[in-house]
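See structure below.
The values are calculated or read from the model by the stated rules, or taken from the named source; none is laboratory data. Quick caveat: nothing in here was measured; it's all calculated off a predicted structure. In this analysis, Cβ positions are derived from the backbone assuming ideal geometry, glycine residues included, and neighbour counts consider all displayed protein chains. What goes into the accessible areas is simple: the full protein's heavy atoms, side chains included, and nothing from ligands, DNA or RNA. Shrake-Rupley method; radii C 1.70, N 1.55, O 1.52, S 1.80 Å.
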Amino acid sequence: MPENKDFFISYTSADVSWANWIAWELRDGGYTTIHQAWDFRPGANFVSEMKKALEGSERTIAVYSPNYFNSGFSEDEWTAAFADRSLLPVRVRECDIPKLLRPRVYIDLVNLAEEAARAALLAGLRRDGISPRERPQFPPDAEKRKRFPGGLPEVWEVPLPRNPNFTGRDQMLKDLRAALVSGRSAALTQAIAGLGGVGKTQLALEYCYRYAAEYSVVWWMRAEEPTSLASDYARLAVKLNLPEKDLANQSEIVAGVRAWLERHPGWLLIFDNATGPESCADYLPHGGNGHILITSRNPAWRGIGERIRVQQLARTESVAFLIKRTGKDEPSAAEALSKTVGDLPLALAHAAAYIDANEISIQNYVELLGNYSKDLLEPVEKTWVLAFEKVDESASDLLNLIAYLAPDNIPRDLLKSTAANPLALNKSIEALRRYSLIEAGTESINVHRLVQQVTRGRLSGEEQRRWVEAALKLVNENFEDPLDYRNWPACAKLLAHALDAARHAEELTAGQEATGHLLNKAGLYEKQQAQLRSAEQLMRSALEISEKVYGPNHTKVAIRANNLGQILQAQGDLGGALHHTRRALEIDEKVYGPDHPDVATDASNLGQILRQQGDLAGALQYARRALKIDEEVYGPDHPTVAILTNNLGSILQEQGDLDGALQHTLRALEIGQKFYGPDHPDVAIWANNLGRILHARGDLDGALRYTRQALEIDEKIYGPDHHSVARDANSLGTILKEQGDLAGALQYTRRALSILESTYGPDHPNTRTVAENLRVLESESP
């Protein structure tokens, strides 16, 4: 059995340079160690390796720093070591130590020079009664002694101190480091691109401090202006004591610095806030001797180096930052604030600073932000002022428009009509992308929600109403009929944009007629997708707006009241459905007279509600009236007539008139197949209904044939998990049960129940019906 090592070194990746140095000094001093960076096998299970390391070491050295106490993995390690009294702390950066650990004496390396730190480390081990073993071999995985991480390279020009509140981005920093040391020539230059305020500079800054020990020269340059870039680059000649440092011609000094960098290894250059590749091209050394980081809002860096896209923090990282920075344990409020500001690091930092300075709660800030967003977001807006001012009028107009849409997945196709031609649209998108005001893909574009909010805030009241009405018009024109299943993919892409445009319009009381129209279409789409609660809310809003715009007795009000009735019927609220559908019928009869197609629609829907309520005589009366009107208006072979004759067949079936039901349902199916072809969802409805009638007549083979036809159509159109598929599967289960195939019946009924539970929940009438069918089947199965 292998002998235990003296120390396992517990640290976070933010302190990997310290861990390397400590491991080296311990091995050099005769101790044995387990160090993740050197001893864990590549590709091995991290948790398993960590467990073996803890069990295979006599003591655990905890590398204390702010990052260490914010890491879940580190907490697991130090608590395990604390419990068995094997913890040996080494503090490398100023930090707040958890109350549980405060009594434990630590070795303090903060602010010590290398020799003093080495002496303190080894003296601390001896003081703790730990003697070294015999001197080990030279560490096989370390090619050279690591520079002491408490010091900085002799040539160091980084304008900002390390951010003690830097949170998240850990994997991004690891990936950045891995790319730079990969040896690939293109990877030696990494362009960190993203929206202003998203944390590009902070990422580069943390990289500088985290990996300072790996470089002999670290030089930071302000790259937003040509003069500052040239000046900062040329000053490196003084630090390097180059012969060119005293030349009068700055371009010759720059050439001298570039030549030195091309001959020497081990340097890191940072071009902060560069405007584009052309601004840096003359300053980039060739030869691959060092590393280059470029921060920029402009994402177009191909040909110069590899691009890293920095986006907002993950929500968990935003919440952790706010709690850590403010010292206030309000996770729910921190979650709400993070969502409101779109997890933008700059906005989070300003919020935390305001909370800290004013001694208020995070929840209080959330409430203030709701009422005074323009004032509180002013620091964020200032970050983007230059970008807003640089883009031309066409690009600015595009930004104003998309400020009233949902922030993500705005289809390029939606925006085609906003420009004179595709080239003009591409030019506007490119202009906004250059300043990272948007992200652009081949199919869609995205915009940060705070960019939208600041954009809206820069507009006057009149301009806001103009642009929200333009957004409403654009989405309305492209949101096609949601009752046609072929339009569903396009409707799905536009739903979020319809809802956001309508919400902004309602807040501004602008474009009410267009808002009502759009909400009506969105509600119908949600009904088709069985999102009934959302559909009801949207349709109620559409109805309310229509009543305000048109008055209580307008045909638009009738349409939306009828649609709301259909949604309530699907939810099982037959009383509410009856109320709204009767209202629609009364309005349409008053406006159109008794023989209008809209009256027929209302009457037919009313008949179906009465059928479900058990009033079959009333249902039959309304169904016959509706069919008579539409046959006279459209003729006998119209698809609308097919719908109504099918509805009449359903009522006759429940009355026990199976011959009449069969006649009307067959007629509906024949009209539908002739008009739509064999694979239409209405054909599936009528085939399923025909199967039910044949089942009731005892023709199980015929019932099975038509029900399978319905299932095949619905699976082809909707996929395997739609409520229409559940309807067909339940019907098949019922038929198979009567044929004696209990295994098949169980299979289809279980499938139907699973779909309905997922779609409607366990308490919907349809779900309860199928659940009871399954209970009976399971009780009868062996």
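Given a cut-off of under 8 Å on Cα pairs at least six residues apart, what relative contact order in percent is computed for the chain?
Reported as a whole number, the value is 6 percent.
Cα axis of helix 378-390 to longest principal axis of the chain: angle in degrees, 0 to 90, nearest 10?
Here the helix axis deviates by roughly 80 degrees.
Name the long-range amide H neighbours of Val155: under 5 Å, sequence gap of 5 or more, or other chain; modelled H, no Pro or chain starts.
Val218
Under 20 Å Cα to Cα from Lys590, which lysines show up? Leave out anything in the same chain fewer than 8 places away.
Lys548, Lys556, Lys628
Toward the positive end of the charge dipole of the chain, about the Cα centre and with charges on Cβ (Lys, Arg +1; Asp, Glu -1), which of Ala191, Gln613, Met221 goes farthest?
Projecting each Cα onto the dipole axis, the largest value belongs to Met221.
Using θ = phi - 60° and the Karplus relation 6.51 cos²θ - 1.76 cosθ + 1.60, list the HN-Hα couplings for region 162-170 in order, rounded to whole Hz, with x at every Gly or Pro.
5, 7, x, 9, 4, 10, x, 6, 4
What is the Cα centroid distance between region 491-513 and region 394-427, reported in whole angstrom?
16 Å
Against the longest principal axis of the chain, how steep is helix 315-326, in degrees 0 to 90 to the nearest 10, with axes from Cα atoms?
That works out to roughly 50 degrees.
What net charge is computed for the residues neighbouring Pro678, neighbours being all others with C-beta under 15 Å from the C-beta of Pro678, Lys and Arg scored +1, Asp and Glu -1?
-2
Once the other residues with Cβ under 15 Å from the Cβ of Asp329 are scored (Lys, Arg +1; Asp, Glu -1), what is the net sum?
Once all neighbours under 15 Å are counted, the net charge is 0.
Towards the positive end of the charge dipole of the chain, with charges on Cβ (+1 Lys, Arg; -1 Asp, Glu), say which of Pro331, Val599, Leu423 has the farthest Cα.
Pro331
Dipole of the chain (Lys/Arg Cβ +1, Asp/Glu Cβ -1, origin at the Cα centre): which of Val633, Ser436, Pro159 lies farthest to the positive side?
Pro159
How high is the relative contact order of region 523-639, in percent, counting Cα pairs under 8 Å that sit 6 or more residues apart?
Relative CO of region 523-639 lands at 17 percent.
For region 221-229, in order, what is each residue's ³J(HN,Hα) by Karplus, 6.51 cos²θ - 1.76 cosθ + 1.60 with θ = phi - 60°, in whole Hz (x at glycine and Pro)?
In residue order, the calculated couplings are 10, 7, 9, 6, 10, x, 5, 5, 5 Hz.
At a 1.4 Å probe, what is the % contribution of carbon and sulfur to the accessible area of the chain?
The value for the chain is 48 percent carbon and sulfur by accessible area.
What are the ³J(HN,Hα) values, in whole Hz, obtained from phi via the Karplus relation 6.51 cos²θ - 1.76 cosθ + 1.60 with θ = phi - 60°, for each residue of region 501-510 in sequence order, with x given for Gly and Pro?
Using θ = phi - 60°, the values come out as 4, 5, 4, 5, 5, 5, 5, 8, 6, 10 Hz.
Do the sum for the chain: with -39,500 (n - 2.57) for every DSSP H run of n ≥ 4, divided by all residues, what is the mean residue ellipticity at 222 nm, to the nearest 500 deg cm²/dmol?
The per-residue figure over the chain is -19500 deg cm²/dmol.
Taking the alpha-carbon centroid of each part, what is the distance from region 568-595 to region 708-782 in angstrom?
31 Å
In square angstrom, what is the accessible area per residue of the chain with a 1.4 angstrom probe?
Here the residues of the chain average 46 Å² of exposed surface.
Using 0.36 nm per residue of separation minus the Cα-Cα distance, give me the extension gain between Ile360 and Leu742 in nm, one decimal.
Net length gain for the segment: 131.0 nm.
Students often forget the sequence filter, so: which aspartates and glutamates lie under 19 Å Cα-Cα from Lys5 once same-chain residues fewer than 8 apart are removed?
Answer for Lys5, where 19 Å is the Cα cut-off: Glu25, Asp28, Asp39, Glu49, Glu55, Glu58, Glu77, Asp84, Asp128, Glu134, Asp141, listed by chain and number.
Indicate the gyration tensor shape class of region 532-641 (rounded, prolate or oblate), computed on the Cα atoms with a ≥ b ≥ c the square roots of the eigenvalues: a/c under 1.5 is rounded; otherwise a/b larger than b/c is prolate and the rest oblate.
Note, shape of region 532-641 comes out oblate.
Looking only at the chain, where both bridge partners belong to it, what percent of the DSSP beta bridges are antiparallel (to the nearest 5)?
Taking every DSSP beta bridge within the chain, about 10 percent pair in antiparallel fashion.
Mind putting a number on the dipole of region 264-319 about its Cα centre? Charges go on the C-beta only, +1 for Lys and Arg and -1 for Asp and Glu, and I need it in Debye to the nearest 20.
240 debye
Report P(r) for the chain: all Cα-Cα distances, bin width 20 Å, range 0 to the bin holding the largest distance, values in whole percent.
With 20 Å bins starting at 0, P(r) equals 13, 32, 29, 20, 6, 0.
Which number comes out as Rg/Rh for region 391-494 once both Rg and the Kirkwood Rh are worked out on C-alpha atoms?
0.97
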